[in-house]
Structure formats: structure tokens, C-alpha cells
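Have a look at the structure below before the remarks.
The values are calculated or read from the model by the stated rules, or taken from the named source; none is laboratory data. Keep in mind the model is a prediction, meaning the values are calculated, not measured. A quick note on method: Cβ atoms are made from the backbone with ideal geometry, for glycine too, and the neighbour counts reach across all protein chains shown.
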Amino acid sequence: MQKVSHRETFFFDLIKQALSTQIDTYLTISTPSSGVFKDKGSKFLSFAFPVTQEKEIKEIVDKLKKEYFDARHHCYGYRLGADKLIFRANDDGEPSGTAGKPILGQIISRDLTNILIVVVRYFGGILLGTSGLINAYRNASADSLSSAVILQRTVYEAYQLKFNYNQMNHVMRIMKDFEVETYDQHFEMTCTMKIRLRLSMAKNIIDKLSNEVETTSLGLV
């Protein structure tokens, strides 16, 4: 019987090590939402968007700047990724820390990610001061989130599985036991299929495959 190679064993170990620290779920918003806050004549229009990459953010901000070209400031904050490690706050000319930071703070306080909030300010002629600005941008952001539908998403990864035909029953039993989603299957002398694994279950499934199916190799799609 064909044995799994040292290279394949090493790759299995790398996958298992990476999966052991992966975050499995995150909270985000399902559709765009908006809000408003007014103080001493100034109007703060807020817009929340579900996003997944920084390219989208630039396009949305540029669009809002064109649509609300007569506004004085277009401030924003965002956070991306299931691990929530990509984030930014932009004051767009407001005193440092008075706009972008309180916007981002509302995202963080609700533990959201893959989200952008933009607050467009129309100046009312009266200065609000540092505390007033922080309060205004915080409340405008909160108002946009008050009407948002927040949902929990699960992180999945796709793999391609390769094994000998005589191992098919064993592999399919593991797929059934763990209720693994399979697709793009090809059953010949050497069989291949793609599988979709939830990260919280992935290590167990990969352990099972690497320990019990001697001719199996696995690679990220």
C-alpha cells in the first residue's frame, strides 16, 4: 500500500498548526444602513457599509465625497478580517482623534468587523469643541448601527483532497461522520474532491484524514 510522503506529512502538520489559532466566527452587518445626529446647527450624516477589502472602502468614500461635495468633512473608520487586525480611523481635517477614533470605537464596542462607517459633517457655524466633536461622531455612528441588521458569519476554507480509489469508502465515511460539504468530485484510480471545512472543525477532520487514510494528501484550494 502506498504510504503518505514526508512532504505530505509536513504539509498536514503545517495546516493543523495554522488552524489551531484561527478565529471561527465574526459579527458584521448584512446590508448598508444610515443615521443622523445634530448639534448646534451642525449635521452629521452617518453611513455604515458591509465591506471585505480596502479597495471597496476607497470606492465608497470617494462616492460619498462626490455625492456630498458641499460637506466640510467626510470622516470614517473601518475594520476588516475575521481576526479584526486590519483597521483605520480617518479624521479628514477634524482635530486629531475627534472623528475617526470615536467612529472606530463604535465598531470595536460592538465587536464588528468587515464594516465601514462614514460620517459626513455639515458645519453649522458654531464650534463644538473637542468633547462635542467626539460626542457627535460617536452618536452619529451609533445611530447608523442602531438600524443595522447584525449577523454572525462563520469562517470556512476550501481544500482539495487526493486519495487512491481503494480508500474511497474510508474517506467518504469520514466526510459523512463530520458532515463535510464536498463538491467537484472525480473518482478514478486517483480520486480528487474539494471540501469546505469550518475552521473550528478543520483540525479534527484533518487529523482524522492524516491518521487513518494512508494515501491521502490535502492542499488549500
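For the reader, a short list of remarks on this structure follows.
- Looking across segment 125-151, the residues that are of a type in the set (A, V, I, L, M), outside any helix (DSSP H, G or I) and in contact with a strand residue (DSSP E or B) (Cβ under 9 Å, 6 or more places away or on another chain) come down to ILE126, LEU128, ALA148, VAL149, ILE150, LEU151.
- A single entry from GLU157, GLU179 fulfils the requirement of being assigned to a loop (DSSP other than H, G, I, E, B) and closer than 22 Å to ILE205 by Cβ: GLU179.
- THR113 within 16 Å of SER30 (Cβ to Cβ) and in contact (Cβ under 8 Å) with a residue 24 or more places away in the chain: yes
- Meets criteria (closer than 25 Å to TYR156 by Cβ and not hydrophobic (A, V, I, L, M, F, W, C)) for GLY81: yes
- Residue that is modelled with the lowest pLDDT, among those in segment 182-221 that are outside any strand (DSSP E or B) and in contact with a Leu (Cβ under 7 Å, 6 or more places away or on another chain): THR216
- Residues being within 28 Å of GLN152 (Cα to Cα) and in contact (Cβ under 8 Å) with a residue 60 or more places away in the chain - total across segment 186-221: 10
Residues are listed down the side, and each one gets a yes or a no for (1) in a strand (DSSP E or B); (2) surrounded by 17 or more Cβ atoms within 10 Å (Cβ to Cβ):
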| position | (1), (2) |
| --- | --- |
| LEU45 | yes, yes |
| LYS58 | no, no |
| LYS63 | no, no |
| ALA71 | no, yes |
| TYR76 | yes, yes |
| ALA89 | yes, yes |
| GLY97 | no, no |
| PRO102 | no, yes |
| GLN106 | no, yes |
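- Residues that are in contact with a helix residue (DSSP H, G or I) (Cβ under 9 Å, 6 or more places away or on another chain) and either at pLDDT below 95 or outside any strand (DSSP E or B) (or both), drawn from segment 18-31: LEU19, SER20, GLN22, ILE23, ASP24, THR25
- Subset of segment 34-51 [farther than 18 Å from GLY100 by Cα and at pLDDT 95 or above]: none
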